[in-house]
Amino acid sequence: MARRTMSLIPQWSSRVFSVELNGAPFYFSTRGQHRGEEVPPVFREVQNYARLYSLLVCSSDKIRRAKFYAELKEKLLRELPPECHLSPMSSFLPNVRDSLLNGYFLKDNSESSSPTERLLRDLSQRDPVFVCSYLKCEDGQLWTQRLWPDADCPAMETSKDYYVVPSEAPEYHPSTLNIINSDVFYSFEEAYEVLEKCGDIIPEAMSVLELLPSRAEARRKPDYPVIVIEGLDATGKTTLTESLRDALGASLLQSPPQCLSPMRARFDREPPLIRRAFYALGNYLTAEQIGQEGMKTPVIVDRFWHSTAAYAIATAVSGQVCNLPAEGSEVYRWPSDLLQPSLVVVLTLDPEERKRRLRNRGQGKTVEEQELDHNQLFRLKVETAYQRISGPAFVTVDASPSADQVLQQVLLLIRGKCHL
Ligand SMILES: Nc1ncnc2c1ncn2[C@@H]1O[C@H](COP(=O)(O)OP(=O)(O)O)[C@@H](O)[C@H]1O
Ligand SMILES: Nc1ccn([C@@H]2O[C@H](COP(=O)(O)OP(=O)(O)O)[C@@H](O)[C@H]2O)c(=O)n1
């Protein structure tokens, strides 16, 4: 079974490696010859470990790569000796889209090298993962990286050692490089293809596909306005959308639509590639319903594309808010085949008030929503991504006044912008 070839890690010599230690990224690259460069700072930080390795997940099959990456950490934590520590690691071609490979930097302080090396050997022979080890040269001033041989690629038996040298931080944060069509999908076909390919491993994927048309159908623009209400959990979307429905005699829809509820929990457990494809397709189903309802009445929608894209981007991008793709990046574009609402209203709320409302409501939350609660940085990233998404008219509304005041304000906005 041909699992991997060197061509899957193109331009090995131009690659940059990033290791995250205590939340901070360290960059290094490799050279065939040493020209007096310094030891990369990350190797100074970890030099007290007996052995160092990197593992990078690499397969031309995106679904296999996503699934295996999700399983790898659990496997390593389960099977490695307790004196081993993992740090997130990646390798990429600076500023080259889709070049990111994810993995782990493994620091091993166990007494014997055998158990770790046996496990790594096994992984490198059986799974879509490349393993490298790092060696300190005698004088301690130089470190080298050695790529382990690959059973499928005998040429690599002779692969030599490369010196590791420091590298600059790239212009675009590496975690942004693979967003397009792995975390955010910009057409029905791209998302459909992912679910179609995992039909054999996830039966629920087939149930979703059965509900969908085989392609996004071109539709006439609805006669009535379509207003999407967005915002983090507990900002008051449900309360507001129900009041708007009553006040405007509108239809109320949501994304993902009700018919996908039975499958949702399953997709929430899947890696981002599969999970995000599910939510992307949910928007197309909701768009179908909007198309029908919008011929008869105004339509109010609880969450739509902004939720799908902003949560996906905020999860994919590690580190600080400044690592997000800049305003105007193509990552924030609206899918050309997805219906554009007449207006998107994003509810914002002071974090303390949002927490208070969450507590009062006291019901179960998705893991991602719990994360929002604990992780101020993630919340900021979601809100920033919300603001940067391009496409339909967009307005932010402070949701801290009373429910009725928020309703009146949004009604004013809708009447002003949508001529209702
Ligand atoms: N403007 C408001 N002022 C005070 N409490 C509100 C307001 N809007 C909603 N709530 C309360 O906050 C909680 C979360 O509101 P909800 O509409 O369920 O939010 P979401 O749908 O965005 O998760 C509910 O208990 C709701 O009654
Ligand atoms: N259109 C949508 C709606 C939700 N989602 C995802 O679903 C989660 C929030 O949905 P939810 O139903 O728990 O939120 P509330 O409606 O309870 O505020 C987010 O974490 C998003 O990742 C999405 O991707 N696209």
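No lab work stands behind these numbers, since they all come straight from the coordinates. It should be emphasised that the depicted structure is a prediction, and the values quoted were computed from it without experimental measurement. All Cβ positions, glycine included, derive from the backbone under ideal geometry; neighbour counts span all protein chains shown.
Of all lysines in the structure, the ones whose alpha carbon falls short of 23 Å from that of LYS73, not counting any fewer than 8 places away in one chain, are LYS62, LYS107.
When a/c reaches 1.5 or more, the comparison of a/b and b/c decides; with that in mind, is segment 230-337 rounded, prolate or oblate per its Cα gyration tensor? Verdict is prolate for segment 230-337. Available extension along the chain between LYS221 and ARG35 is 60.7 nm, counting 0.36 nm per residue and deducting the alpha carbon span. Using R0 = 30 Å, the C-beta based FRET efficiency linking LEU413 and SER214 works out to 0.20. Taking amide H atoms as placed 1.01 Å from N in the peptide plane, the amide H of TRP143 lies under 5 Å from those of CYS137, VAL164, each 5 or more residues away in sequence or on another chain. Loop-only check: which GluC sites (Glu not before Pro) in segment 28-60 are DSSP coil with at most 16 other Cβ within 10 angstrom? When the GluC sites (Glu not before Pro) of segment 28-60 are filtered for loop state and at most 16 Cβ neighbours within 10 Å, GLU37, GLU38 remain.
Compactness of segment 160-251 was expressed as the Cα radius of gyration divided by 2.2 N^0.38 Å, which yields 1.77. Counting 0.36 nm for each residue step from ASN22 to GLU74 and taking away their Cα separation leaves a gain of 16.7 nm. Electrostatic tally near GLN258: other residues with Cβ closer than 14 Å to its Cβ, Lys and Arg +1, Asp and Glu -1, net -1.
Nearest 10 degrees, 0 to 90: what angle lies between the long axis of helix 403-418 and the longest principal axis of the chain (Cα atoms)? With rounding to tens, the tilt is 90 degrees.
Geometric descriptor of segment 188-418, per residue, is 123 Å³ (volume of the convex hull of the Cα atoms).
Here the Debye sum runs over all C-alpha atoms of the chain as equal scatterers in vacuum, and log10 of I(q)/I(0) at q = 0.09, 0.13 Å⁻¹ comes out as -0.64, -1.12. The slack in the chain from ASP404 to CYS259, taken as 0.36 nm per residue of separation less the alpha-carbon distance, amounts to 49.2 nm.
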